[in-house]
Amino acid sequence: MAESLPLEMLTYILSFLPLSDQKEASLVSWAWYRAAQNALRESLGLRGICCISLTNVDGSPASYQVLQSVAYHLGPHLQSLSLGGGSPTEASFVALILGCPALCVLDLSGCNSLFTSGTLLAQPEMAQSVRQALSGLRELNLAGLRDLADLSFNRLSSCAPSLERLSLAYCHLTFELGPVRGSISPQDSSPSQFSFRNLLRFVQERAGRLRALDLSGTGLPPEALQALGQVAGLQLQELSLHSCRDLSTEAVATLCFQQPGLTSLDLSGCSELTDGALLAVSRGLRHLRRLSLGKLQRLTDAGCTALGGLRELQSLNMAECCLVRGRELAQALGSVHGAPSQLACLSLAHCSSLKDASVLSMIPALGLSLRVLDLSSCVALTNRTLQAICTYLTHLSVLRLAWCRELCDWGLLGLEEPLQGTQPRPELEHQASGTKDPCPEPQGPSLLMLRALQELDLTACSKLTDASLAKVLQFPQLRQLSLSLLPELTDKGLLAVAGGCPSLEHLALSHCTRVSDKGWAQAASSWPRLQHLNLSSCSQLTEQTLDAIGQACRQLRVLDVAMCPGINMAAIRRFQAQLPQVSCVQSRFVGGADLTLTL
């Protein structure tokens, strides 16, 4: 009946659908395709799309046409534009920018094609036009540009007089020996390398406006950090120094004195830092909201006591701090007067010394504010920690417990722990046959208490089976799920997950060797929104699973079937002919070696 509707009416009906569903509707017939295209064009204009990310842009005529269309249809309203990782031509980039006069955020990370020749914006007339278009630009991301030089940076940055946030992460910076002194002239700019001296000149000129700076992975030495921190008028709010391995505790202490207004600081991977750095942060940065201390191998429990002074802290990352056992951290977070009651994100991943006792004393203090908790690879944690999470942290949206191998079915179900030396609960024993459901119903603080979950990672929790997974994985809002490396997951568990988590967009089932074609034939239809799927090393799967996925999961973008012996190259090519937008990963053994191909 819908086929007989006038195109205008069908267009009007489809305009009420989300963009992803409009795309699905366009596959019904040619009439629906035309109506969906009309609805898409109208919705883009009516909704005033203000943020767009373009991937895989290159120098081809097709990419040029896409950029032209974006500039024409969306440009006047566009506020955020990302070309990250692409390779557009200079001409197409300039044409796009000139069509986007309202830009506030521009991401050119990894776009080396724009900077290789060194001629970007070399013509004064063109530079003046771009300057007018970028007059309101507040944020610029130039991360990962290997060919960035002083001249090209100066030309581009001069076109953005209102810049407040700048990322130069993992750009190649050259540093002078010893501290930088004296005035710095633009005439000293190099056409072939990007120097810290030139960057310092930029910071001095923009000190009154610059609020965020990312110099991660640039090899920043202590004297350069000191020179930055003491720039007159500079009042940074956010600073990222991830993997600046030469920084010292003394340099960080000086920075905290120079820039007391910092609200976000990333010192992850600065391997020379000790407990003194955390003490300096606590004393000098009283308004800090986000702190990242991952991979600080010399940080100990003694340093964690300082965290109690950061009362406005909202996000804390201490992943891979292997010496942290958690007792002092729990005391700092649980302190009545100094607890960061607003803490929303906590990562203690790979803190292998962390024990149940410390986490159990910490969890009640975190309360209802916590939304993200990452305890991945905290291998000593048990079901006691999980049940405490389910009792006190019921507002969690992200929970990561990968490689917590002590987690068992009874823990997920909220059952009491079996007495040591007794036989396992008979209701949890796997039964291959029988009409009666052997799985008990969840009781007490089960995983079902976390109704707001949108991401769950149970990778390598190898003691878990269908007995619990089939009962507790009932999350209609869940978007991302990893059950990789669960040897006891079968088709029964797969079907239960499909019924309980219909909104999944990312699913990882790598090394689930008991999942078969039969399970996927029934489960695939439950996941129409699936975009990323990892089935690597699922040894029972064949091209029949590919057929089921190809018919049901039309929004798929990435499929990993590496080391699936039942899926050959011919099957992959047929699948991609059906869904050409999908990137497939497959591995083959060639001459005794493993060859991974991305198609």
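The values are calculated or read from the model by the stated rules, or taken from the named source; none is laboratory data. Only a predicted model underlies this, so the values are computations on that prediction, with no experimental measurement involved. Note that each Cβ is placed from the backbone with ideal geometry, even for glycine, and that neighbours are counted across all protein chains shown. Accessible surface is based on the protein model in full, side chains and every heavy atom, while ligands, DNA and RNA are left aside. Shrake-Rupley method; radii C 1.70, N 1.55, O 1.52, S 1.80 Å.
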Checklist entry - So how many Lys-Lys pairs in the chain land under 23 Å Cα to Cα, not counting same-chain pairs under 8 apart? => result 11
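Provide the gained length on full extension for the span residue 37 to residue 357, in nm with one decimal, where the gain is 0.36 nm per separating residue minus the Cα-Cα distance. Please list the in-between numbers first.
Numbers: separation 320, 0.36 × 320 = 115.20 nm, distance 5.79 nm.
Net length gain for the segment: 109.4 nm.
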Checklist outcome for this item: For residue 394 and residue 176, extending 7 Å from Cα along the Cα-Cβ vector and measuring point to point gives, in nm, a value of 6.2 nm
Checklist entry - Given a 1.4 Å probe and every protein chain left where it sits, what share in percent of the accessible area of the chain is carbon and sulfur? => result 53 percent
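For segment 258-326, what does the alpha-carbon gyration tensor say about shape, rounded, prolate or oblate, given a ≥ b ≥ c as the root eigenvalues, a/c under 1.5 as rounded, and a/b over b/c as prolate?
Numbers: a/c = 1.63, a/b = 1.53, b/c = 1.07.
In terms of gyration-tensor shape, prolate.
Using 0.36 nm per residue of separation minus the Cα-Cα distance, give me the extension gain between residue 474 and residue 384 in nm, one decimal. Numbers along the way, then the final one.
Working: separation 90, 0.36 × 90 = 32.40 nm, distance 2.14 nm.
Length difference between fully extended and current span is 30.3 nm.
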Item to check | Over the chain: helical MRE at 222 nm, DSSP H runs n ≥ 4 each giving -39500 (n - 2.57), nearest 500 | outcome: -9000 deg cm²/dmol
Checklist entry - Once both labels are modelled 7 Å past Cα along the beta-carbon direction, what's the residue 539-residue 583 spacing in nm? => result 2.9 nm
Checklist entry - For segment 462-524, with every protein chain kept in place, what is the accessible area per residue (1.4 Å probe, Å²)? => result 32 Å²
Checklist entry - For the chain, what are the DSSP H helices with axial Cα length of 24 Å or more and mean Kyte-Doolittle hydropathy of at least 0.5? => result none
Next on the checklist: Not counting ligands, DNA or RNA, and with a 1.4 Å probe, what is residue 459's accessible surface area in Å² rounded to the nearest 10?
Outcome noted: 20 Å²
Checklist entry - Got a number for the accessible area of residue 170? Probe 1.4 Å, square angstrom, nearest 10. => result 130 Å²
Checklist entry - How far is it, in nm, from the label point at residue 146 to the one at residue 532 when both lie 7 Å from their Cα along the line to the Cβ? => result 2.4 nm
Checklist outcome for this item: Of all DSSP beta bridges with both partners in the chain, the antiparallel percent, nearest 5, is 10 percent
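Taking 0.36 nm per residue of separation and subtracting the Cα-Cα distance, what length does fully extending residue 98 through residue 5 add?
Details: separation 93, 0.36 × 93 = 33.48 nm, distance 4.06 nm.
Computed gain between residue 98 and residue 5 is 29.4 nm.
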Checklist outcome for this item: For the residue 286, residue 53 Cβ pair and Förster radius 51 Å, calculated FRET efficiency rounded to 0.05 is 0.90
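Label segment 185-239 by shape, choosing from rounded, prolate and oblate, from the square roots a ≥ b ≥ c of the eigenvalues of the Cα gyration tensor; if a/c is under 1.5 it is rounded, and otherwise prolate applies when a/b is larger than b/c, oblate when it is not. All intermediate terms of the calculation are to be shown ahead of the outcome.
On the way: a/c = 1.81, a/b = 1.27, b/c = 1.43.
The shape class here is oblate.
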Checklist entry - Is the shape of the chain best called rounded, prolate or oblate, per the rule: a/c under 1.5 gives rounded, else a/b larger than b/c gives prolate, else oblate, with a ≥ b ≥ c the square roots of the Cα gyration tensor eigenvalues? => result oblate
Checklist entry - Can you work out the FRET efficiency for the pair residue 17 and residue 322, with r the C-beta to C-beta distance and R0 = 56 Å, to the nearest 0.05? => result 0.65
Checklist entry - Applying 1/(1 + (r/R0)^6) with R0 = 51 Å to the Cβ-Cβ distance of residue 132 and residue 573, what FRET efficiency is obtained, to the nearest 0.05? => result 0.55
Next on the checklist: Per residue of segment 301-314, what does 6.51 cos²θ - 1.76 cosθ + 1.60 with θ = phi - 60° give for ³J(HN,Hα)? Whole Hz please, x for Gly and Pro, Karplus curve as stated.
Outcome noted: 4, 4, x, 5, 4, 5, 5, x, x, 8, 6, 9, 5, 10
